[in-house]
Amino acid sequence: MNSDGYRAGAIAVVGRPNVGKSSLVNHVVGQKVSIVSDKPQTTRKRILGIATTPRWQIVFADTPGLHEARHKLGAALNEAAKQTLDECDVVLVMVDVSKRPGKEDRALAEMLALAGSKRPLVLGMNKMDLLKPVDVEAHYEAYLALFPTERSMMTSLTQGHNVDLLVSLLVDALPEGPPLYPEEDVTDQPMRELASELVREKALRLTRQEVPHALATTTEAWEEEDGLTRISVVLLVETEGQKAILIGKKGAMLKRIGTEARLEIEEMTGGRVFLELFVKVRPDWRQNPRWLRELGMV
Ligand SMILES: Nc1nc2c(ncn2[C@@H]2O[C@H](COP(=O)(O)OP(=O)(O)OP(=O)(O)O)[C@@H](O)[C@H]2O)c(=O)[nH]1
Ligand SMILES: [Mg+2]
């Protein structure tokens, strides 16, 4: 490909949990590479989402939401986000413009200022559909004061408002150069990882309170035979109570998680899938370095 005028580079997507970072990445990539839920800390590690057009390639590095860490897992999530900042061409700070800036936003602003980053900064003020007219000016100004930049855009990912304009700002901030990845690549995650993430997404969406935070998933087996893919995914929780919630009455909850995940995995693989789920209890896995390593989170 002739790289004249072509733009390509890595964009770190950072911000506090639940503002829509992964939703943006999926929207621009055009398929789900990073799971999305209404529970904070849905994203557990850096995930690449690659979008390629004839004029540009964006390599998004989606990151876990920055927050006050209360355990080793939380610290690892923050660390993953910070490391990504060091390795990118452009920083995209995402905020929830319907709310006033919180302490996590201020901590991120400080971190960026301390790092003295010379990289272009783009500010995505998402969830404008939830922004009350009376708050527009105050919130807009408060976020711009924290993240001073000439490249900012209010967006609504759920309603599709201004997303193309935000993408134009991002592309303008990219360096000129040839694409970094083959155009058919959309993520750095292997299929077996996407499968366990889709199971986690369904479980996050269907459960509440302590279960989402205590849950990890991992694919233990993946075999293809006669057009059928057999996949086993383990759901790891910390207590017997959480296990009981995930299994549900007569297994109803686990069945629902399995069916919803299987349908999406079939879409991804383009073939028939037999998905088996197992729930295991591992007390305190979030504090255990060995488990964090085994789950690929450190
Ligand atoms: N109302 C509204 N909801 C949105 C918008 N964008 C995303 N959401 C919702 O916000 C929730 C969080 O979205 P995610 O994309 O998972 O957020 P995130 O920033 O990646 O969150 P973490 O991975 O936990 O850091 C989901 O329920 C989305 O559907 C938006 O523009 N408006
Ligand atoms: Mg996310």
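Quick notes on this one:
- For the stretch 52-68, residues that are surrounded by fewer than 19 Cβ atoms within 10 Å (Cβ to Cβ) and either away from ligand 1 (no atom under 16 Å from the Cβ) or part of a strand (DSSP E or B) (or both) total 3.
- Being modelled with pLDDT of 95 or more and surrounded by fewer than 18 Cβ atoms within 10 Å (Cβ to Cβ) holds for only one residue in Ala221, Ala195, Ala261, and it is Ala221.
- The single condition among (1) more than 20 Å from Lys202 (Cα to Cα); (2) modelled with pLDDT under 95; (3) not basic (Lys, Arg) that Gly65 does not satisfy is (1).
- Of the strands (runs of 3 or more DSSP E) contained entirely in the stretch 146-262, those carrying at least 2 residues that are in the same structural domain as Gly49 (by TED's automatic domain parsing) fall at 152-154.
For (1) under 23 Å from Glu266 (Cβ atoms); (2) out of contact with any Asp or Glu (no Cβ under 6 Å at 6 or more places or on another chain), each residue gets a yes or a no:
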| position | (1), (2) |
| --- | --- |
| Tyr6 | no, yes |
| Ala12 | no, yes |
| Arg16 | no, no |
| Val25 | yes, no |
| Val28 | no, yes |
| Gln31 | yes, yes |
| Asp38 | no, yes |
| Arg44 | no, yes |
| Arg55 | no, yes |
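- Pairs, first within 18 Å of Arg151 (Cβ to Cβ) in the stretch 110-130, second among the aromatic types (Phe, Trp, Tyr), C-beta under 9 Å, six or more apart: Leu112/Phe147; Leu121/Phe147; Leu123/Tyr143; Leu123/Phe147; Met125/Tyr140; Met125/Tyr143
- Selection from the stretch 26-62 of residues that are at positive phi and either touching a Phe, Trp or Tyr at 6+ places or on another chain (Cβ under 6 Å) or modelled with pLDDT of 95 or more (or both): Gly30
- One residue alone among Gln242, Gln287 is polar (S, T, N, Q) and in contact (Cβ under 8 Å) with a residue 40 or more places away in the chain, and that residue is Gln287.
- Criterion violated by Ser98 - all others in (1) modelled with pLDDT of 95 or more; (2) of a type in the set (S, T, N, Q); (3) surrounded by fewer than 19 Cβ atoms within 10 Å (Cβ to Cβ); (4) more than 12 Å from ligand 1 (Cβ to nearest atom) satisfied: (4)
- Considering residues of the stretch 13-32 that are surrounded by fewer than 24 Cβ atoms within 10 Å (Cβ to Cβ) and more than 8 Å from ligand 1 (Cβ to nearest atom) only, the residue nearest to Asp129 (Cα to Cα): His27
- Looking across Glu240, Glu223, Glu260, one residue alone is touching a Lys or Arg at 6+ places or on another chain (Cβ under 7 Å) and farther than 20 Å from Lys32 by Cβ. It is Glu223.
- Residue ID - farthest from the chain's Cα centre (by Cα), chosen from residues in the stretch 1-44 that are away from ligand 2 (no atom under 15 Å from the Cβ) and within 20 Å of Val163 (Cα to Cα): Arg7
- The set of residues in the stretch 69-107 being of a type in the set (Asp, Glu) and in a helix (DSSP H, G or I) consists of Glu79, Asp86, Glu104, Asp105.
The values are calculated or read from the model by the stated rules, or taken from the named source; none is laboratory data. Small disclaimer: the values here were computed from a predicted structure and weren't measured. Cβ coordinates were reconstructed from backbone atoms using ideal geometry, including for glycine residues, and neighbour counts include every protein chain displayed.
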